[in-house]
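> Handing you a structure now.
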Amino acid sequence: MTAFDYIRDPGEITRRSFDILRAECDVSRLPAGIDEVALRLVHACGMPDILPDLAWGDDPVAAGRAALAAGAPVLVDCRMAADGVTRAFLPADNAVVCTLNEPEVAARARAAGVTRAAAAVDLWPPRLAGAVVAIGNAPTALFRLLEILSAGAPRPAVILAFPVGFVGAAESKAALIAAGPEVPYLTLRGRRGGSALAGAAVNGLARGAA
């Protein structure tokens with residue numbers, strides 16, 4: 001067996017990772033709290049250059065941490081985002097809810113001519129009030145969330161918006177930003193995003209929730 005020379009100790013890997021992060025990432029423009037979560041986002045993707053593209057409205061970190069501490073559920077758009085949430089960090093054994101694979105979703109999507117991700121968001125309103133929403137895959141999920149909120153759906157505590165891709169990702173996040181801070185949000189402008197970032201954002205909130 002070939003033996004490679006690499007760091008094996010998990011604690012040392014984490015320590016060195018965050019030493020490098022702090023050396024390479026200028027978070028001085030970011031408000032307190034958001035800077036902590038931003039480092040978690042960079043850690044998740046390995047790209048310090050995402051920092052200038054971060055955008056937020058109101059105080060998403062304070063709102064999200066208070067919601068988690070109060071036991072709010074985490075609503076996610078896909079299983080990958082759900083799996084990225086470290087349950088041990090959640091302060092109140094918070095439920096992590098993904099409705100994408102609920103039995104009625106596929107039929108709803110076909111009937112409406114929309115994606116399953118968008119149809120799954122239509123099942124969120126009973127759990128939406130005061131929830132932490134994390135979108136890490138589907139732009140259509142974010143667009144649909146904005147639509148149902150404009151139609152009077154209950155307001156979540158915070159929206160963590162990291163849809164990814166070439167069709168609709170940048171546009172859906174721009175629509176969230178344009179809607180203003182009626183709901184606190186944290187997002188990443190442009191095409192980049194993904195479930196790892198959505199999970200990292202939730203974990204960043206959870207680590208500081210009391």
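Just so you know, all these numbers are worked out from the coordinates, no wet-lab data involved. Remember, predicted model here, so these are calculated numbers, not experimental data. We place every Cβ from the backbone using ideal geometry, glycine too, and count neighbours over all the protein chains shown.
> From the P(r) of the range 168-210, can you give the percent of Cα pairs sitting at distances over 13 Å? Write down the numbers at each step before the final one.
Working: 540 of 903 pairs.
Result: 60 percent of Cα pairs exceed 13 Å.
> May I ask for the net charge around Arg144, where only other residues with Cβ less than 13 Å from the Cβ of Arg144 are counted and Lys, Arg are +1 while Asp, Glu are -1? Mind dumping the intermediate values first?
Values: positive: Arg108, Arg116; negative: Asp77, Asp122, Glu147.
Value of the local net charge: -1.
> Can you list the residues, at least 5 places off or on another chain, whose amide H is less than 5 Å from the amide H of Leu75, using H built in the peptide plane?
So Leu75 has HN proximity to Val97, Val132, Val133, Ala134.
> For a quick check: sort Met47, Met1 by the number of other beta carbons within 10 angstrom, fewest at the front. Could you put the intermediate results ahead of the total?
Values: Met47 12, Met1 3.
Sorted ascending by nearby Cβ count, the order is Met1, Met47.
> Say a paramagnetic label sat at a point 7 Å from the Cα of Glu24, along Cα to Cβ; which residues of the range 47-75 have their backbone N under 18 Å from it?
47-54
> Sort Leu197, Leu146 by Cβ crowding within 10 Å, fewest neighbours at the top. Walk me through the numbers before you get to the answer.
On the way: Leu197 29, Leu146 20.
In order of increasing Cβ crowding within 10 Å: Leu146, Leu197.
> Identify which of Cys78, Cys45, Cys98 has the largest mean-square fluctuation in a Gaussian network model of the chain, with springs joining Cα atoms closer than 10 Å.
In this elastic network of the chain, the residue with the biggest mean-square fluctuation among Cys78, Cys45, Cys98 is Cys45.
> Considering only DSSP beta bridges with both partners in the chain, what is the antiparallel share in %, to the nearest 5?
Beta bridges within the chain, antiparallel portion: roughly 25 percent.
> Sticking with this structure for a sec: If amide hydrogens are placed 1.01 Å from N in the peptide plane, which non-local residues have theirs closer than 5 Å to the one on Arg155?
Amide H neighbours of Arg155: Gly130.
> Taking the C-alpha atoms of the range 1-100, how large are the radius of gyration and the largest Cα-Cα span, Dmax, in Å?
16.4, 54
> Which ordering of Thr140, Thr14, Thr187 is given by a fewest-first count of other beta-carbon atoms within 10 Å?
On the way: Thr140 23, Thr14 11, Thr187 26.
With the fewest neighbours first, Thr140, Thr14, Thr187 line up as Thr14, Thr140, Thr187.
> Tell me, what HN-Hα J-couplings in whole Hz come from the Karplus equation 6.51 cos²θ - 1.76 cosθ + 1.60 at θ = phi - 60° for each residue of the range 14-25, using x for Gly and Pro?
Once rounded to whole Hz, the list reads 5, 4, 5, 4, 6, 4, 5, 4, 5, 6, 9, 10.
> With a point put 7 Å past each Cα toward its Cβ, work out how far Asp93 is from Phe4 in nm, to one decimal.
4.0 nm
> Here is a further query. Working from the pairwise distances between different alpha carbons, so that the mean of 1/r is found and then inverted, what is the chain's Kirkwood radius in Å? Please list the in-between numbers first.
Working: mean 1/r = 0.0575 Å⁻¹.
In the chain this quantity evaluates to 17.4 Å.
> A further question on this structure: Could you work out the longest stretch of the chain that avoids the GluC sites (Glu not before Pro) located in DSSP loops with at most 16 other Cβ atoms within 10 Å? Walk me through the numbers before you get to the answer.
Details: sites that count: Glu104, Glu182.
Longest run free of exposed loop sites: 1-103.
> Mind listing the phi-derived Karplus ³J(HN,Hα) values for the range 178-187, rounded to whole Hz, using 6.51, -1.76 and 1.60 with θ = phi - 60°, and x for any glycine or proline?
Taking θ as phi minus 60°, the curve returns 5, 5, x, x, 4, 10, x, 9, 9, 8 Hz for the range 178-187.
> Quick one: Karplus J couplings for the range 149-165, per residue in order, coefficients 6.51, -1.76, 1.60, θ = phi - 60°, nearest Hz, x for Gly and Pro?
With the stated coefficients, the range 149-165 comes to 5, 5, 8, x, 4, x, 7, x, 6, 7, 10, 9, 10, 9, x, 10, x Hz.
> Calculate the FRET efficiency for Glu104 and Phe166 from the Cβ-Cβ distance with a Förster distance of 25 Å, rounded to the nearest 0.05. Intermediate values should be presented prior to the final figure.
On the way: r = 29 Å, r/R0 = 1.17.
That gives a FRET efficiency of 0.30.
> Another question, then. Let me have the 222 nm mean residue ellipticity of the chain computed from DSSP H runs of 4+ only, each contributing -39500 (n - 2.57), with the sum over all residues rounded to the nearest 500. Intermediate results must be reported in sequence, preceding the final value.
Numbers: 10 runs with 96 residues, N = 210.
Per the formula, -13000 deg cm²/dmol.
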